[in-house]
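For reference, the structure discussed in these notes is given below.
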Amino acid sequence: MSRLDDTTDILRDLVAFPTISADPNRALIDWVAGYLEGLGARVEVLPDAGGTKANLFATLGPEGDGGIVLSGHTDVVPVEDQDWTSDPFVLREDDGLLYGRGTCDMKGFIAATLVAARDYAGAELRRPLHFAFTHDEETGCLGAQDLVGLLTARGLKPAMAIIGEPTEMRLVEGHKGCHEYTTRFTGAEGHGSTPDLGVNAAEYAARYVGRLLELREALKPRAPAASRFDPPWSTINIGGIHGGVAHNVIVGKAEVEWEMRPVQPSDADFVLGGIAAYARDVLLPAMRAVAPDASIETEVIGEVVGLTPMDENAARDLVAELTGANGADVVSFGTEAGLFQGMGMSAVVCGPGSIRQAHKPDEFVAKDQLAACLDMLEGLGRKLV
Ligand SMILES: [Zn+2]
């Protein structure tokens, strides 16, 4: 059996675990833990507060700082309302392409690292090699936040991280952050004929959205001159506005779903500070003048930190050497890389498959992409002995 066939077989096993973000991932994590333990890795399964989800952190080679982290998320996006040709959780091979939910985002990478782990396990590694497989990436990198928090608390500092999100094996050194929020407005219901006697939550939500759109414009001139992102500035999107029961009823509750994609951390502070001040100083006093219990509350759905391109990036230099990349790109989707960078590690994104296939019906990864990933991981093993 070739390494590529083995990778396909492992990917088939991984795809069969329907690890949609909302559902448990423990069965998959336990399966991977058993596999890596069988290779002699030191494996930790780190459950979340609820116990049905877990991160996995495993190490081959020596203990201590300076290691290399291979990072991937085990959760996948839902398949509801998507028109799949075949069962999304049964791997299907057709003409060099492997179809199934998560094949490209990002169980293909995980499968390749598990095959490469056999080589690493049989070698005398000079530095630690870590596997970091997390839960709830698609809902805001929640698992990775826990994992990075734990490594920080232990004082363990690996040197670099390679995050295998689908980049078609291109080397990526930067991406925007992705912050998602739901802001809820509680007003006071009443009859539509007497608007001054109620507090219309939908109208305050609309004013809030108006202010967000002003901030969106104000972000454009703040873009760093050397920004390589497309568009070069930080953006805001309104993803949903909900509320109300009938034409003639003052809306008592409303909510706004919105996101921001900062190119620099200061832009996130600018938006969050600006919108909080507007809610506190303008909207809330007006609402509470009529209904003292009126409120505006913002829930953080996820705050995925951006990956800032750095002049010095040891992970970029290493992966460039392994893949032959001439330069490094920036991309518009978020990953766990920024969290590792925030720990002081160097981090890059490089993985098999295309982001164009991610989250879609009939998601697939090409076998030649997996082969290229295996080549990179094999080269990494040679670097570590
Ligand atoms: Zn992903």
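Taking LEU212 as meeting all but one of (1) open to solvent by 20 Å² or more (accessible area, probe 1.4 Å); (2) in a helix (DSSP H, G or I), write down the number of the exception.
Against the list (1) open to solvent by 20 Å² or more (accessible area, probe 1.4 Å); (2) in a helix (DSSP H, G or I), LEU212 comes up short only on (1).
Cβ-Cβ under 7 Å, sequence separation 6+ or interchain: first residue in the range 145-168 and touching a residue at least 24 places away in the same chain (Cβ under 8 Å) and more than 18 Å from ARG316 (Cβ to Cβ), partner surrounded by fewer than 20 Cβ atoms within 10 Å (Cβ to Cβ) and among the acidic types (Asp, Glu). Which pairs?
Correct list of pairs: ASP146/ASP48; LEU156/ASP65; LYS157/ASP65.
Quick one: would you say GLU173 is acidic (Asp, Glu), under 24 Å from GLU259 (Cβ atoms) and open to solvent by less than 10 Å² (accessible area, probe 1.4 Å)?
For GLU173, the condition - acidic (Asp, Glu), under 24 Å from GLU259 (Cβ atoms) and open to solvent by less than 10 Å² (accessible area, probe 1.4 Å) - is not met.
Just name the residue that is nearest to SER21 (Cα to Cα) out of those in the range 79-91 that are in contact with an Asp or Glu (Cβ under 9 Å, 6 or more places away or on another chain) and open to solvent by 60 Å² or more (accessible area, probe 1.4 Å).
So, considering only residues that are in contact with an Asp or Glu (Cβ under 9 Å, 6 or more places away or on another chain) and open to solvent by 60 Å² or more (accessible area, probe 1.4 Å), the one nearest to SER21 (Cα to Cα) is ASP83.
Checking the structure you have, find out if any residue of the range 79-98 is under 15 Å from ALA58 (Cα atoms) and not hydroxyl-bearing (Ser, Thr, Tyr).
no
Do the conditions hold for VAL199, that is, is it surrounded by 18 or more Cβ atoms within 10 Å (Cβ to Cβ), among the β-branched types (Val, Ile, Thr), out of contact with any Asp or Glu (no Cβ under 8 Å at 6 or more places or on another chain) and at pLDDT 95 or above?
It is true that VAL199 is surrounded by 18 or more Cβ atoms within 10 Å (Cβ to Cβ), among the β-branched types (Val, Ile, Thr), out of contact with any Asp or Glu (no Cβ under 8 Å at 6 or more places or on another chain) and at pLDDT 95 or above.
Of all the residues that make up the range 179-189, how many are of a type in the set (Ser, Thr, Tyr) and under 17 Å from the mean Cα position of the chain (by Cα)?
Matching residues across the range 179-189 total 1.
Restricting the range 151-178 to residues that are within 15 Å of the ligand (Cβ to nearest atom) and of a type in the set (Val, Ile, Thr), which is nearest to the chain's Cα centre (by Cα)?
ILE163
Can ARG280 be described as open to solvent by 50 Å² or more (accessible area, probe 1.4 Å) and in a loop (DSSP other than H, G, I, E, B)?
In short, no.
Exactly one condition in (1) open to solvent by 40 Å² or more (accessible area, probe 1.4 Å); (2) under 30 Å from LEU284 (Cβ atoms); (3) within 16 Å of the ligand (Cβ to nearest atom) is false for GLY140; which is it?
(1)
Would you confirm whether or not the range 230-250 contains a residue that is crowded, with 16+ Cβ neighbours inside 10 Å and of a type in the set (Asp, Glu)?
no
Does GLU124 count as within 15 Å of the ligand (Cβ to nearest atom) and either at pLDDT below 95 or in a helix (DSSP H, G or I) (or both)?
no
Return the pairs, sorted by first residue and then second, in which the second residue is of a type outside the set (D, E, K, R) and not in a loop (DSSP other than H, G, I, E, B), the first residue lies in the range 67-94 and is free of Cβ contacts under 8 Å to residues at least 24 places away in the same chain and more than 16 Å from the ligand (Cβ to nearest atom), the beta carbons are less than 8 Å apart, and the residues are 6+ apart or on different chains.
Sorted first by the residue in the range 67-94, then by its partner, the pairs are SER86/TYR99; ARG92/LEU98; ARG92/TYR99.
The values are calculated or read from the model by the stated rules, or taken from the named source; none is laboratory data. Because the structure is predicted, anything quoted here is derived from the model rather than measured. Heads up, the Cβs are rebuilt from the backbone with ideal geometry, glycines too, and the neighbour counts pull from every protein chain shown. For accessibility, only protein heavy atoms count, side chains too; no ligands or nucleic acids. Shrake-Rupley method; radii C 1.70, N 1.55, O 1.52, S 1.80 Å.
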